[in-house]
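Report on one structure; see the data block that follows.
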Amino acid sequence: MNTDKAKSIKPNHYKKYIWGFWILFASPVIIILSFVLGVRIFGDLPDTEALQNPKTNLATEVFSSDLKVLGKYYAENRTRVKFKNISPNVINALLATEDARFFKHSGLDLRALGRSMYGAATGSSSSGGGSTITQQLAKMLFPRENLSHLGLIMRKFKEWIIAVKLEREYTKEEIIAMYLNKFDFVNNAVGIKSAAQIYFNTTPDSLKIEQAAVLVGMAKNPSYFNPNRFHERSEGRRNTVIQQMKKYNYLTSEQSDSLQKIPLKLCFSPEDHNDGLAPYFREYIRDVFMKKWCEENLKPDGKKYDIYRDGLKIYTTIDSRMQRYAEEAVSEHLKLLQANFDIECKRKRNAPFAWNVNKEEIKSILLQGMKRSDRYRALKKQGVDEKSIQKNFNTPVAMTIFTWKGPKDTIMTPKDSIRYYKGFLQTGFMSIEPQTGFIKSWVGGISHKFFQYDHVQIGHARQVGSTFKTFVYALAIQEGYSPCYRLPNVKTCIDMPDGQPQYCPENSAGEEKLAGKMLTLQQALAFSINYVSAYLIKQFGPQAVVDLAHRMGVVSKIDPVPSICLGTPEISVFEMVGAEATFANKGTWIEPTFITRIEDKNGKVLADFVPKTEEVMSEEKAYVVLQLMKGVVQIGTGGRLRRAPYNFKQTIAGKTGTTQNNSDGWFMGITPDLVSGCWVGGEDRAVHFDRTDQGQGAAMALPIWGKYMQKVWADKTIKISQGDFEKPTKKLEVEMDCSKYNKDLESDKENFNTEESY
């Protein structure tokens with residue numbers, strides 16, 4: 001009886017357990033499905049368009065002509081890279097550490113999720129996280145806002161749905177690439193490409209196993225495992241990643257053991273817009289060119305392009321090798337020149353200003369410097385009164401200052417720092433390929449971090465001195481003169497309008513040693529003889545010279561007065577180099593060009609750039625001018641290029657220039673394939689060498705050109721001609737060989753100081 005009763009009760013008893021089991025099992029599923037359904041119905045989920053084209057800030061990259069990245073403009077320092085260009089070491093480390101079953105799930109890994117939930121319920125930290133790579137990507141693409149606890153739970157379910165949707169829209173490889181491109185590795189390294197460059201100075205496809213493990217290890221918490229700040233902590237996390245790679249058979253035990261013993265080695269190089277090649281050039285593109293281009297060229301939707309977020313690719317004409325040589329040449333020469341100037345300043349009572357600058361003038365210069373400073377503008381913007389501003393500028397503060405030995409921490413008043421910086425000699429250097437107009441190098445100053453004033457294009461133009469004489473002589477050649485045409489070296493006076501006294505320029509003391517002698521035009525230009533320049537301007541008139549200069553690309557205003565024959569016009573380095581390139585380009589001016597094309601983030605060409613051209617003179621006349629200018633280096637003020645340390649045997653046409661009081665030193669150098677120009681001087685004209693032998697263009701600017709060309713010609717990967725200028729096909733009807741006339745000056749040359757006057 002009892003046995004039968006037990007048998008009849010037992011099935012019902014088990015039925016209760018079975019129902020209990022299914023209720024316990026199904027409840028979470030029902031709850032999850034209810035949440036998912038609620039999220040889909042009531043939640044704000046991204047649509048298909050947003051999933052297919054997620055918003056990602058991409059840096060605009062600036063490329064050199066040899067396809068090196070010169071720099072970037074960005075809100076986030078991110079550059080997209082394709083899956084195929086990422087090292088397998090990175091992929092393997094990521095899968096082993098973050099999502100071993102990545103290729104087996106469709107966005108959600110239920111096994112990992114269950115393990116995570118079990119760990120949360122039991123308090124076990126070894127169970128691991130439940131988020132897949134796709135879920136982490138969803139979280140990065142559509143960030144969480146400040147949410148309540150319930151809102152956070154709802155948001156988590158949204159991310160599950162987004163993850164599933166992402167798996168439908170993209171391949172597994174694309175999802176990994178998106179994840180690595182999106183991840184912020186801190187230290188301004190957003191995305192795997194920036195991270196590889198900043199932490200290891202390499203590219204994503206070249207990352208070694210131990211390097212990949214460091215970067216993947218940061219995925220757990222990039223700030224906490226920042227290898228630049230927490231070396232040991234990062235190394236420990238790296239080793240954990242390596243162990244995971246061994247666990248999932250990406251590495252052997254021997255490889256794992258060996259890699260974990262390698263010390264963590266960084267090549268940390270944070271990216272800063274002041275660093276890298278061509279900072280002045282890049283700043284000109286950003287602040288001037290692209291600002292205007294973005295105003296004039298709109299997206300298909302009518303919005304302006306954003307160079308900080310739209311991932312544009314700007315292809316420039318700059319050659320990274322030549323740019324590096326230009327920056328090296330500037331640094332090498334200016335260090336020595338500044339040392340000499342500092343020695344001279346020790347003897348000046350008003351240093352760094354010239355002896356004849358009075359206290360009132362110095363006070364005015366420093367006041368203007370103060371008013372142009374960022375500190376002054378910031379205080380004014382805050383509404384600080386003038387008296388308080390003056391007090392601020394006279395209060396010592398800690399600051400980092402520029403020195404040629406490197407940045408130096410010190411304490412001084414902001415006013416004293418203005419005077420300190422006035423004492424540095426500055427420079428502007430540019431090099432152009434005359435046949436194309438392509439600018440190959442651009443150095444706007446000695447340090448963009450401390451001196452952001454660009455002396456190539458943006459800065460106020462400086463008087464060009466005797467380099468302007470080239471335009472005067474070129475006009476004479478156009479009018480039929482020969483380089484060997486002879487003129488007496490005698491004073492020339494020019495009548496002035498409205499009863500003004502005659503204009504009668506003087507030669508320098510050195511030039512007076514040749515007074516009264518017959519000189520060829522080549523000799524007169526080579527020795528920069530003022531009397532002959534005055535004679536030529538009197539023959540043709542100032543306006544004709546101005547017109548020629550403008551046709552050759554000079555856009556600065558030039559007053560048509562006789563004194564321009566000695567170099568009073570203020571013209572930028574950019575204009576002068578572009579104009580001089582006309583002679584090497586067979587008489588055709590070609591607009592200096594620095595960008596060839598702009599592409600969008602997908603590689604679509606948005607703009608191509610073709611330079612303007614204008615035929616200024618015939619090929620024959622341009623060739624004659626070059627022969628004229630060759631005399632400057634062969635026998636004249638540029639003769640030191642033929643001596644040590646340069647000993648150049650190559651064909652060089654050129655012109656030096658020095659302005660009054662040695663305030664500006666210039667040199668323009670022309671070779672068949674490269675035209676380069678350089679200016680050196682103080683920020684203010686009151687800062688200069690006292691002696692002309694140190695302050696003339698041949699001493700201040702010419703050595704930069706010489707050092708630059710030494711490096712360029714020595715680099716066999718740069719195809720730059722070392723031959724002569726190409727002769728015109730048409731027979732020349734003018735006398736070209738002036739060597740026989742040079743013999744007449746042999747007895748005088750020993751005592752002749754080849755220095756220039758204003």
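The values are calculated or read from the model by the stated rules, or taken from the named source; none is laboratory data. Everything numeric in this text was worked out from a predicted model, so none of it was measured. Neighbour counts are summed over all protein chains in view; Cβ atoms, including those assigned to glycine, are modelled from backbone coordinates with ideal geometry.
Just one residue in the set Glu570, Glu580 is within 19 Å of Thr637 (Cβ to Cβ) and not β-branched (Val, Ile, Thr); that residue is Glu580. Annotation note: Cβ proximity below 7 Å between a residue of the range 482-508 that is at negative phi and in the same structural domain as Gln523 (by TED's automatic domain parsing) and a residue that is part of a loop (DSSP other than H, G, I, E, B) and buried (at least 18 other Cβ atoms within 10 Å of the Cβ) (sequence gap 6+ or interchain) occurs for Pro483/Cys738; Cys484/Cys738; Asn489/Ile529; Asn507/Ile529; Asn507/Ser757; Ser508/Glu755; Ser508/Glu756; Ser508/Ser757. Of all residues in the range 427-436, which are surrounded by fewer than 24 Cβ atoms within 10 Å (Cβ to Cβ) and either assigned to a loop (DSSP other than H, G, I, E, B) or under 18 Å from the mean Cα position of the chain (by Cα) (or both)? Scanning the range 427-436 gives Gln435, Thr436.
I'd like to know if the range 179-189 contains one or more residues that are in the same structural domain as Glu98 (by TED's automatic domain parsing), among the aromatic types (Phe, Trp, Tyr), without any contact (Cβ under 8 Å) to a residue 24 or more places away in the chain and out of contact with any helix residue (DSSP H, G or I) (no Cβ under 6 Å at 6 or more places or on another chain). The answer is no; no qualifying residue exists.
Quick one: in the range 471-485, which of the residues that are in a loop (DSSP other than H, G, I, E, B) and of a type in the set (Phe, Trp, Tyr) is nearest to Glu575 (Cα to Cα)?
If we filter the range 471-485 for residues that are in a loop (DSSP other than H, G, I, E, B), which is where we start, we get 479-485.
Narrowing further to those that are of a type in the set (Phe, Trp, Tyr): 481, 485.
Details: Tyr481: 26, Tyr485: 29 Å.
Only one residue tops the list, namely Tyr481.
Assess whether Asn647 counts as being within 20 Å of Asp693 (Cα to Cα), surrounded by fewer than 22 Cβ atoms within 10 Å (Cβ to Cβ) and not hydroxyl-bearing (Ser, Thr, Tyr). Lay out the reasoning, then the answer.
Details: within 20 Å of Asp693 (Cα to Cα): no; surrounded by fewer than 22 Cβ atoms within 10 Å (Cβ to Cβ): yes; not hydroxyl-bearing (Ser, Thr, Tyr): yes.
No; evaluated as a whole, the condition is false for this residue.
Here are some conditions: (1) closer than 17 Å to Ala96 by Cβ; (2) modelled with pLDDT under 85. Arg155 meets all but one. Which one does it not meet? Exception for Arg155: condition (1). Got at least one residue in the range 230-244 being closer than 16 Å to Phe102 by Cβ, among the acidic types (Asp, Glu) and surrounded by fewer than 19 Cβ atoms within 10 Å (Cβ to Cβ)? For the range 230-244, residues closer than 16 Å to Phe102 by Cβ, among the acidic types (Asp, Glu) and surrounded by fewer than 19 Cβ atoms within 10 Å (Cβ to Cβ): absent. Note on the range 321-374: residues that are under 29 Å from the mean Cα position of the chain (by Cα), touching a residue at least 12 places away in the same chain (Cβ under 8 Å) and not in a helix (DSSP H, G or I) amount to 1.
One line per residue, one yes/no per condition, for (1) under 26 Å from Ser563 (Cβ atoms); (2) free of Cβ contacts under 8 Å to residues at least 60 places away in the same chain; (3) touching a His at 6+ places or on another chain (Cβ under 9 Å):
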residue: Val632; (1), (2), (3): yes, no, no
residue: Ile635; (1), (2), (3): no, no, no
residue: Gly657; (1), (2), (3): yes, no, no
residue: Gly695; (1), (2), (3): yes, yes, yes
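Checked against the criteria, Asn181 does not count as under 28 Å from the mean Cα position of the chain (by Cα), more than 18 Å from Pro88 (Cα to Cα) and of a type outside the set (Phe, Trp, Tyr). The set of residues in the range 525-539 that are of a type in the set (Gly, Ala, Ser) and over 40 Å from the mean Cα position of the chain (by Cα) contains only Ala534. Looking only at residues in the range 666-694 that are among the small types (Gly, Ala, Ser) and surrounded by fewer than 24 Cβ atoms within 10 Å (Cβ to Cβ), the one that is nearest to Tyr421 (Cα to Cα) is Gly682.
Comparison of Ala524, Ala549 shows that the only residue that is over 18 Å from Pro497 (Cα atoms) and touching a residue at least 60 places away in the same chain (Cβ under 8 Å) is Ala549.
Conditions (1) at pLDDT 95 or above; (2) crowded, with 18+ Cβ neighbours inside 10 Å; (3) under 22 Å from Pro505 (Cα atoms); (4) over 27 Å from the mean Cα position of the chain (by Cα), marked per residue:
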site	(1), (2), (3), (4)
Ile635	no, yes, no, yes
Ala653	yes, yes, no, yes
Asn661	no, no, yes, yes
Asp664	yes, yes, yes, no
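Counting the residues of the range 375-399 that are surrounded by 11 or more Cβ atoms within 10 Å (Cβ to Cβ) and outside any helix (DSSP H, G or I) gives 5.
A single member of Tyr453, Tyr420 is in the same structural domain as Gly706 (by TED's automatic domain parsing) and not hydrophobic (A, V, I, L, M, F, W, C), and it is Tyr453. State the number of residues belonging to the range 470-488 that are buried (at least 22 other Cβ atoms within 10 Å of the Cβ) and either of a type in the set (A, V, I, L, M) or in contact with a strand residue (DSSP E or B) (Cβ under 7 Å, 6 or more places away or on another chain) (or both). So the count comes out to 7. Screening Ser106, Ser124 for residues that are hydroxyl-bearing (Ser, Thr, Tyr) and either in a helix (DSSP H, G or I) or at pLDDT below 80 (or both) leaves exactly one candidate, Ser124. Could you tell me whether Ile670 is at pLDDT below 95, of a type outside the set (S, T, N, Q) and touching a helix residue (DSSP H, G or I) at 6+ places or on another chain (Cβ under 9 Å)? Considered against the rule, which asks whether it is at pLDDT below 95, of a type outside the set (S, T, N, Q) and touching a helix residue (DSSP H, G or I) at 6+ places or on another chain (Cβ under 9 Å), Ile670 comes out as no.
Of all residues being of a type in the set (S, T, N, Q) and touching a Leu at 6+ places or on another chain (Cβ under 8 Å) in the range 399-455, which is farthest from Trp589 (Cα to Cα)? Just the residue, please. Steps first, answer last, please.
Initially, the range 399-455 is screened for residues of a type in the set (S, T, N, Q), giving 400, 403, 410, 413, 417, 426-427, 431, 435-436, 441, 447, 452.
Subsequent filtering for residues that are touching a Leu at 6+ places or on another chain (Cβ under 8 Å) retains 427, 431.
Values: Thr427: 25, Ser431: 15 Å.
The residue in question is Thr427.
State yes or no: is Tyr623 part of a helix (DSSP H, G or I), in contact (Cβ under 8 Å) with a residue 24 or more places away in the chain and of a type in the set (Phe, Trp, Tyr)? Spelling it out, Tyr623 is indeed part of a helix (DSSP H, G or I), in contact (Cβ under 8 Å) with a residue 24 or more places away in the chain and of a type in the set (Phe, Trp, Tyr).
Against the conditions (1) at pLDDT 95 or above; (2) surrounded by fewer than 11 Cβ atoms within 10 Å (Cβ to Cβ), Arg347 satisfies every one except (1).
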